[in-house]
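The values are calculated or read from the model by the stated rules, or taken from the named source; none is laboratory data. Fair warning: this is a prediction, and the values are worked out from it, not measured in the lab. Don't worry about glycine lacking a Cβ; one is built from the backbone with ideal geometry, like all the others, and counts go over all protein chains shown. All accessible areas refer to the heavy atoms of the entire protein, side chains included, with ligands and DNA or RNA removed. Shrake-Rupley method; radii C 1.70, N 1.55, O 1.52, S 1.80 Å.
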Amino acid sequence: QLQLVESGGGLVQPGGSLNLSCAASGFTLDYYAIGWFRQAPGKEREGVTCISSWGGSTNYVDSVKGRFTISRDNAKNTVYLQMTSLKPEDTAAYYCAVVRGYACSGYANEYDYWGQGTQVTVSS
């Protein structure tokens, strides 16, 4: 059974940090590029970052560059999102998704499988 499960979300103060994980089961992540997306209430879902299947290429939306870092550990079949210097505008439900192939995609409609999401709330 194919599954993606996000974890690590929660409430954090502005300037704080959170580390999200996305664990895959029922399949291997080796053959997929992986993206993180987020969606705030009343807003469109946006691509945050993506990492290629071999881990050699990453992309970030301008608003998170220098603050967020995506990584993957194929041995653990898991992808991570390290978030630092969090801002209130980072508040959203965060989703991991996979797209078959080597290269990243910034378009949500190109991804094959999605997790259920984990909530990140940045507030004082």
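Restricting the calculation to alpha carbons of the stretch 1-114 gives Rg and Dmax of 13.2, 38 angstrom. Report note on the peptides 41-51, 17-27: ranked by the mean count of other C-beta atoms within 10 Å, highest first, their order is 17-27, 41-51.
Here the stretch 1-107 has 48 percent of its accessible surface on carbon and sulfur atoms, given a 1.4 Å probe and all protein chains in place. When +1 charges are put on Lys and Arg Cβ atoms and -1 charges on Asp and Glu Cβ atoms, the dipole computed for the chain relative to its Cα centre reaches about 160 debye. The per residue volume of the convex hull around the alpha-carbon atoms of the stretch 43-95 is 92 Å³.
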